[in-house]
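Here the structure is laid out as structure tokens; the discussion comes afterwards.
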Amino acid sequence: MQPQELVFVPLGGSGEIGLNLNLYGLDRQWLMVDLGISFADETLPGVDIVLPDPSFITARRKDLRGLVLTHAHEDHFGAIPYLWPDLGCPIWCTRFTAAVLRRKLDEHGIKGVPVHVVTPGERFQVGPFDCALIQVTHSIPEAHALALRTPLGNVLHTGDWKLDPAPLIGPATEIDDLEAFGREGVLALVCDSTNVLTPGTSGSEAEVRDSLMQLIGRQTTRVVLTTFASNIARLETAIKVARAVGREPCAVGRSMRRMIEAAREVGYLQDVPELIDERTASNLPRDKVLWLATGCQGEPRAALARIAAGQHPSIRLDPEDVVIFSSKIIPGNERTLYNLHNSLVARGIEVITEHDHFVHVSGHPCRDEVEQMYRWIRPQIAIPVHGEARHLHEHLALAHRLEVPEPLEVRNGDLVRLAPGPAQILDEVPTGRLVPENSHLLPADDDLYRTRRRLMAHGTILVGLVLDGYGSLLAAPQLSTFGAVDLEREEGLKGTVVDGIEDAIEALEDDAALEDERIRESVRAATRRSLRLPRDKRPIIEVQITRLARDTLDNLVDDAGMVG
Ligand SMILES: [Zn+2]
Ligand SMILES: [Zn+2]
């Protein structure tokens, strides 16, 4: 029987960069593409990562046929350890992604995940979907576009990609395969928007290698180079540059060592020299080592932050040493990173970033490359993804200029019918963000985080009351504050507040004094009043009530030998 409907539902990554989770549905059978995380921003204090809310698909897990991973970046596969146990579906990916995934699952103690390793170009079937991965260049080995063939039309889901004639690791983007898929006729192109605001092209990894060779060759002090651990081509560059300029390469940071191990296991980094260990490196003269460190985004627990703070066991930086950030700044992360730069510069260490020197190229396509993709694929429908609103908007404008018949603006949670046409948003499904907390997941809009933000901004005041059964005070109210007001140093303030609380309790009517919640309310109000808090200052005022019968108190005091 001919299928009735082909739909696309992004649950993450459309309207934001990160948290990629895309679904394709063919007559209620589902294929998931990617399952990623994002770093938490300042609205979630104390939280490291966030996950997309998969509840739409977990409710349909019996119809979820599988998960295809485009590549092993955290924003595409980092949520698997947290969300896979509730999905339970098989996973398809290529060798390198599988090697990195296996390490990740081991680290989280997750067993029994069925992983099918496929080779690019090979056709494989996930439920009703005829799938093939097409190799594309990106800032990690083995990134792929997913070519979906369905009886209702074909879809190219690009994943993260760019064009680079000399990517150094792995083959260049398989232009022939993309063109051939385009010739088959493509219903929808679901495409990376990250760099669509940047005109021109993204540049080549080979040019970065030449540039780093010159830059590092000139240095006469310690050099630390930091980049994403998964950028194996950049690591290979750093290792080769180190050898060429008479330095020994040494990797610091667990994630970097783990990535190098995964890359070697599947056949990358074979013709580069072994790295030396930290202990050996720390005994060499300062101009004889190239340190490769994790933490290019200023992550507080990564090697570079610890080096900058002078807390790393193997490496200590001196004035005139050099730190090269061979990476971009993830938007939203500027403050963290500038703080790290500042702490290095303040100690006389030279900081070199992509603003000072050609030390990085992006792994995403700039506008000319995106245009090129449209010329190869010639889709009926354009759906920009992997971008914030401003990226998606610009990408749509580009699709209009390129005369794509149906450019469609889509956000997380839109249920989009691709065929039969015309493409249309039919419905909105639940989306959101989840935070991993110990053994469970909490929605990012949970009260816990609202309270935490309020504590950070306004502090807290604790009031302890000991009352008898009728609501009369048996002892003076106890008052402590944390980060809210300076009770100790403001003359007489504490007494004023205590008096205010006592008055408020005395003023309560008899029946109100019997109810703890009503006492709390009036004590909170009295505390605010006595402190003369401005309207926009909202500390959390926590009132703890202990009720004692009068004779209990007398006995307690007797026991303590304080009367008599
Ligand atoms: Zn990526
Ligand atoms: Zn990505």
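None of the figures in this text is laboratory data; all of them are computed from the coordinates on show. Note that the structure is a prediction, hence the values are computed from the model and not measured. Here the Cβ is made from the backbone with ideal geometry for all residues, glycine too, and neighbour counts use every protein chain on show.
Results, tabulated for the structure shown:
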{"item": "Counted charge near Gly13, where neighbours are those whose Cβ lies closer than 9 Å (Asp, Glu -1; Lys, Arg +1)", "result": "-3"}
{"item": "Among 349-355, 379-385, 320-326, 449-455, the order from most to least packed when residues are scored by Cβ within 10 Å on average", "result": "379-385, 320-326, 349-355, 449-455"}
{"item": "Nearest-0.05 FRET efficiency for Arg183 and Thr451, computed from C-beta distance (R0 35 Å)", "result": "0.05"}
{"item": "Linear extension gain, Leu548 paired with Asp499, 0.36 nm per residue minus alpha-carbon span", "result": "15.5 nm"}
{"item": "Cα-centred dipole magnitude for the chain, charges only on beta-carbon of K, R (+1) and D, E (-1), debye, nearest 20", "result": "1500"}
{"item": "Rounded, prolate or oblate (a/c below 1.5 giving rounded, otherwise prolate when a/b exceeds b/c) for the chain by Cα gyration tensor", "result": "oblate"}
{"item": "The chain - share of DSSP beta bridges that are antiparallel (%, nearest 5)", "result": "55"}
{"item": "Extended-chain gain in nm, criterion 0.36 nm per residue less alpha-carbon gap, His400 and Arg61", "result": "118.4 nm"}
{"item": "Gyration tensor verdict on the range 76-213 (Cα atoms; rounded if a/c is under 1.5, prolate if a/b is larger than b/c, oblate otherwise)", "result": "oblate"}
{"item": "Mean ellipticity per residue at 222 nm, deg cm²/dmol - from DSSP H runs of n ≥ 4 across the chain, formula -39500 (n - 2.57)", "result": "-9500 deg cm²/dmol"}
{"item": "For the chain: lysine pairs under 30 Å (alpha-carbon distance), excluding those fewer than 8 apart on one chain", "result": "11"}
{"item": "Förster-model FRET efficiency, 25 Å R0, His357 and Thr198, C-beta, rounded to 0.05", "result": "0.85"}
{"item": "Difference of contour (0.36 nm per residue) and Cα-Cα distance, Leu487 to Arg286", "result": "67.1 nm"}
{"item": "Relative contact order, percent, the chain [alpha-carbon distance under 8 Å, six or more residues apart]", "result": "15"}
{"item": "Residue exposure sequence - Phe482, Phe77, Phe39, Phe129 - by fewest surrounding Cβ within 10 Å", "result": "Phe482, Phe39, Phe129, Phe77"}
{"item": "Value of relative contact order over the range 97-211, rounded to a whole percent, pairs C-alpha under 8 Å and six or more apart", "result": "19"}
{"item": "Furthest towards positive pole of dipole, Gly159, Val523, Gly387, structure part the chain, Cβ charges", "result": "Gly159"}
{"item": "Inter-site label distance for Tyr338 and Lys537 at 7 Å from Cα along Cβ, in nm", "result": "2.9"}
{"item": "Amide H contacts under 5 Å for Val68, placed H, 5+ residues apart", "result": "Met32, Val33, Asp34, Trp92"}
{"item": "The range 23-67 - percent relative contact order, Cα under 8 Å, separation 6 or more", "result": "44"}
{"item": "Shape call, the range 238-379: gyration tensor on alpha carbons, a/c limit 1.5", "result": "oblate"}
{"item": "5 angstrom amide H check on Thr150, placed H, neighbours 5+ away", "result": "Val155"}
